[in-house]
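Comments concern the structure below.
The values are calculated or read from the model by the stated rules, or taken from the named source; none is laboratory data. Please read these numbers as outputs of a predicted model, since none were measured by experiment. As a convention, Cβ positions derive from the backbone with ideal geometry for all residues, glycine included, and neighbour counts pool all protein chains shown.
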C-alpha cells in the first residue's frame, strides 16, 4: 500500500480546525482535522451540481453565476462547460490555500478551470456576497462545507437558514436557480426551501461517475419569473 503524503495544511478561517491536502500516487484528499472532506476519485456529484443547474440559464445573454466553494474545481469546470463564452462566473472561496492548491497540484484534475478568463475569484465568504447583491445572479451554486449539516464552519449554517435562503432568493434574477450540494439528505432544509417560495427539485446522485460510490443530495430551487 502506497502511504499518503502530506502536501499542505491550512487553518479554517475561525482558526479552530485544520485543512490538510494529501496525495497517494494519483489520488488526492482534502481533510478537516483528519476527516476526509473530499477525494479526487469522487467528483461525480460535484459536477452534477452544475450540470443540473447551469443549462437552465445558459441561453441567457451574459449569464452570471456565483459558485460558493472551490473544492477540487469540478463544479467550476462543469459550470464553465455548460455556459457560453459571454458568461461570467464569480467563485467565492474562503480558504486561500484551497485556491493555491487548485492553481498548482490540483488544477489538472478538473482541467485547470481557474485559468478560464470567465472566472473571477473572491477570497470571501459567499454569504457576504449574497447579502450584498440584489437581482445580480442567474444561478447560485453552493458546495460549501458538507452541505446544510456544516462540518468545518458552524458559521456556514446561516447559508441554509430561512434568512439565508431569503437573501439568496433576493440575489437571484427572476427565473434564477439556487443549486445546493449536500453529503446527505436533509428534510428540514427541503422544507425551508419550499417555505422560501422556490420551486424545488431534490435529486439523489452518486459521488462517483458511472453511478458508483456514496449517494449525495442536490437541490435545484428555482425562483419564479415574476
Looking at this structure, is residue 99 farther than 19 Å from residue 51 by Cβ and free of Cβ contacts under 8 Å to residues at least 40 places away in the same chain?
-> yes
Would you mind finding the one in 45, 40 that is over 24 Å from residue 120 (Cβ atoms) and crowded, with 23+ Cβ neighbours inside 10 Å?
-> 45
Complete set of residues in region 54-66 that are surrounded by fewer than 21 Cβ atoms within 10 Å (Cβ to Cβ) and in contact with a helix residue (DSSP H, G or I) (Cβ under 8 Å, 6 or more places away or on another chain) = 55, 58
Which listed residue is without any contact (Cβ under 8 Å) to a residue 60 or more places away in the chain and crowded, with 22+ Cβ neighbours inside 10 Å, from 81, 69, 107, 73 | 73
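So if I check each of 208, 195, which one is out of contact with any strand residue (DSSP E or B) (no Cβ under 7 Å at 6 or more places or on another chain) and touching a residue at least 60 places away in the same chain (Cβ under 8 Å)?
Of 208, 195, the one residue that is out of contact with any strand residue (DSSP E or B) (no Cβ under 7 Å at 6 or more places or on another chain) and touching a residue at least 60 places away in the same chain (Cβ under 8 Å) is 208.
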Considering only residues that are over 14 Å from residue 164 (Cα atoms) and surrounded by 21 or more Cβ atoms within 10 Å (Cβ to Cβ), look in region 178-204 and name the one that is nearest to the chain's Cα centre (by Cα).
-> 181
Looking only at region 9-30, count how many residues are more than 20 Å from the chain's Cα centre (by Cα), in a strand (DSSP E or B) and surrounded by fewer than 17 Cβ atoms within 10 Å (Cβ to Cβ).
-> 3
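Condition check ((1) over 13 Å from the mean Cα position of the chain (by Cα); (2) at negative phi; (3) at pLDDT 95 or above) across all residues:
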{"residue": "60", "(1), (2), (3)": "yes, yes, yes"}
{"residue": "76", "(1), (2), (3)": "no, yes, yes"}
{"residue": "91", "(1), (2), (3)": "no, yes, yes"}
{"residue": "94", "(1), (2), (3)": "no, yes, no"}
{"residue": "114", "(1), (2), (3)": "yes, yes, yes"}
{"residue": "120", "(1), (2), (3)": "yes, yes, yes"}
{"residue": "137", "(1), (2), (3)": "yes, yes, yes"}
{"residue": "141", "(1), (2), (3)": "no, yes, yes"}
